[in-house]
Amino acid sequence: MQALNARHPWNHNDHFHSWILHELPPRRRAALDVGCGQGGLLLELAPWFDAVTGIDRDPGMLAAADRRTAHVENIEVGDAPLEELDGPYDLITMVAVLHHLDLEEALAQVRRLLAPGGRFLSVGLAPPVTTRDHLWDVASMVTNPLIGKIKHPWRPPREIGEATGAAAQMPIADPTLPLDEMVARAQAVMPGLRAERHLGFRHTLAWTKPGPVTSRA
């Protein structure tokens, strides 16, 4: 299975950018990407928002994001922690980031920073614990090379295949909180939060802050 995956590698996190773009809020003044990495999602959000901010605590990632987005006027990157930001934001995103943070504290900050009607979208990882978790992992293992084949039908050069893309340089932490427990704790902070399992060893979380949504302006 590892050999098959290496023949047609694909970035599981970047794959879910399209889900985020599909779930954008109706009002799009300001967006914040927490743990922006090398800035790929910032570039995809920029055409849809008046201002896009990316934050990351890794100096290497920030430098890469700054270089990658320097030509886009409405993108700003920095290393400010969530608690030092003022907002409000109409969108806050996290891609493979939430398991690096204190869950309740991070979500409380997201809730504070979101404008009424603003949306929180997270793509995450969780360790398999329940039978349902393991079944989804098996399905992901089986379909992973098939998805890679569809996304990248031609075998890449050896050096690219071994690198597995941009994610290879990003800080990594193994998730420790099972999905069911995480969702229960998250819903205590964000009532009505929606969670879904997906292929690719990922899950998504979506929450809209209650309140009136005015026009885009």
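The values are calculated or read from the model by the stated rules, or taken from the named source; none is laboratory data. This one's a predicted model, so the numbers in the text were calculated from it and none came from an experiment. Every residue, glycine as well, gets a Cβ built from its backbone with ideal geometry; the counts of neighbours run over all protein chains shown. When the accessible area is computed, the model is the full protein with side chains, heavy atoms only, and any ligands, DNA or RNA have been set aside. Shrake-Rupley method; radii C 1.70, N 1.55, O 1.52, S 1.80 Å.
So here's what we get for this one:
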{"read-out": "Region 30-64 - residue that is touching a helix residue (DSSP H, G or I) at 6+ places or on another chain (Cβ under 8 Å) and in a loop (DSSP other than H, G, I, E, B) and, of those, nearest to Val97 (Cα to Cα)", "value": "Gly35"}
{"read-out": "Some residue of region 103-119 being within 20 Å of Phe16 (Cα to Cα), open to solvent by 10 Å² or more (accessible area, probe 1.4 Å) and at pLDDT 95 or above", "value": "yes"}
{"read-out": "Residue satisfying all of: in region 180-192; open to solvent by 10 Å² or more (accessible area, probe 1.4 Å) and of a type in the set (A, V, I, L, M, F, W, C); nearest to Ala126 (Cα to Cα) among these", "value": "Met182"}
